[in-house]
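To start, the structure itself, in structure tokens.
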Amino acid sequence: MKKIVFLLNIFIFMNCSLYAKTINIGVVLPLTGSVAAYGQDVFSGVELANKLNPKLDNGDIVKLIIIDTKGDKLETTSGINRLITQDKVLGIIGETTTPNTIQAISIIEDKKIPLIAPVASGDKLLDGKKYASRVCFSDGFQGDKFATYITKDLNLKNAVIIIDQSNVYSLGLAKAFEKSLKANGGKVLKKLIISSGDKDFRAIVSQLKSLNPDFVYMPIYHPEAALIARQAKQLGFDKLLTAGDGVNNKTFIELGSSAVNGVIFTDSFDSSNPSTNRGKKFIAEYEKEKGDKDLPAFSAMGADAYYVMLNAMNACKDNLTSECINDKIHQTKNYEGVGGFISIDANGNAVRPVVIKEIQNGKQVYKALIKP
């Protein structure tokens, strides 16, 4: 009898394998270039999630088709078009930065292919969009909660904000932060303007010294933020530096060295405080792969984007179309992800808490959790 059951199981396995299909998912990220740290972190999460869960419930194989956009909008455009027309993907994960994600969304909306953005947080990113969603919080939520934390918990009121005028992420986050800061009794002494790619910030630091704020808020990307921190220390400016989730990677610490110690910033995940069993297990697997248990927040978001996509595909396994997958993504409720429990509303926005961290001795250290 046992032999018959054994042979029957082999037959079922071979039969399922024979009829299993390969389902392509596109992954569009900057794996090289100036913002490669973001893309590499996200990809680490997507790649490991796919390795741990490479199949749908019906045995169909999920294959990742990877595009390196180099952080360039033209590369994003050509990559998205290739994935849809040549690779016939049923869903796309990406981009990282808000400007490039806007570019990607402009194409997928027309082609009706669902896209999940792991970390693009621009407030208006999903306005009027049907096929796009995200697993991260928005800039408005992040900026509002951080300003409240700064004024109420740290009792700091007078700020200087450093804004990257060429970056919609920076502009949106600065706007939300300023509005909330003023509502909580704070004041913006001045807004100082930089541009992506700037290297010399001595004039900016000189103004910081003369303005003498309680703290500085830098809603900018990590390359410029690290240089500002270094040059501020060199010129003797010692007030608190704060930032958004644009500095939440190891590259910021490597570029800034000891000058970034003490920087307080917002993030979406903390590997020392995982809130789900899936998060705990994923961190353990990440440590096996990388030899490091400090799972980056953007890696957790990448994994969550993959798992939300996979969950939607499983719900559509008998009707595996881009339309069905998109509908199921937008119906995600209290789904257990790596970074926490995820709900996605009808507009594609995710609801999740904000984590506050501080860099201490070259490490990201958990400080607080602010719930939605």
field: Boolean, Gly71 is among the small types (Gly, Ala, Ser) and in contact with a strand residue (DSSP E or B) (Cβ under 8 Å, 6 or more places away or on another chain)
entry: no
- line: Flagged in segment 36-60 as touching a residue at least 40 places away in the same chain (Cβ under 8 Å), open to solvent by less than 30 Å² (accessible area, probe 1.4 Å), hydrophobic (A, V, I, L, M, F, W, C) and over 21 Å from Ala132 (Cβ atoms), in numbering order, are Ala37, Leu48, Leu56
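Yes/no matrix, rows are residues, columns are (1) of a type in the set (A, V, I, L, M, F, W, C); (2) in contact with a Gly (Cβ under 9 Å, 6 or more places away or on another chain); (3) open to solvent by less than 60 Å² (accessible area, probe 1.4 Å):
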site	(1), (2), (3)
Phe265	yes, yes, yes
Ser272	no, no, no
Thr276	no, yes, yes
Ile283	yes, no, yes
Gly348	no, no, yes
- prompt: Quick one: what pairs do we get from segment 336-355, first residue closer than 19 Å to Lys130 by Cβ and polar (S, T, N, Q), second at pLDDT below 90 and part of a loop (DSSP other than H, G, I, E, B), C-beta under 9 Å, 6+ apart or different chains?
  reply: Ser343/Arg352
statement: Scanning segment 228-253 for residues that are in contact with a Phe, Trp or Tyr (Cβ under 6 Å, 6 or more places away or on another chain), part of a helix (DSSP H, G or I) and open to solvent by 20 Å² or more (accessible area, probe 1.4 Å) gives Gln231
message: I'm checking my understanding of the structure. Among residues of segment 324-346 that are open to solvent by 10 Å² or more (accessible area, probe 1.4 Å) and among the polar types (S, T, N, Q), which one is farthest from Gly302 (Cα to Cα)?
response: Gln331
Boolean, Met313 is crowded, with 24+ Cβ neighbours inside 10 Å and either out of contact with any strand residue (DSSP E or B) (no Cβ under 8 Å at 6 or more places or on another chain) or closer than 19 Å to Val42 by Cβ (or both): no
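The values are calculated or read from the model by the stated rules, or taken from the named source; none is laboratory data. Computed from a predicted model, the values in this text were never measured in an experiment. Using ideal geometry, Cβ is built from the backbone for each residue, glycine included, and neighbour counts are taken over all protein chains shown. Note: areas computed on protein heavy atoms with side chains; ligands, DNA, RNA excluded. Shrake-Rupley method; radii C 1.70, N 1.55, O 1.52, S 1.80 Å.
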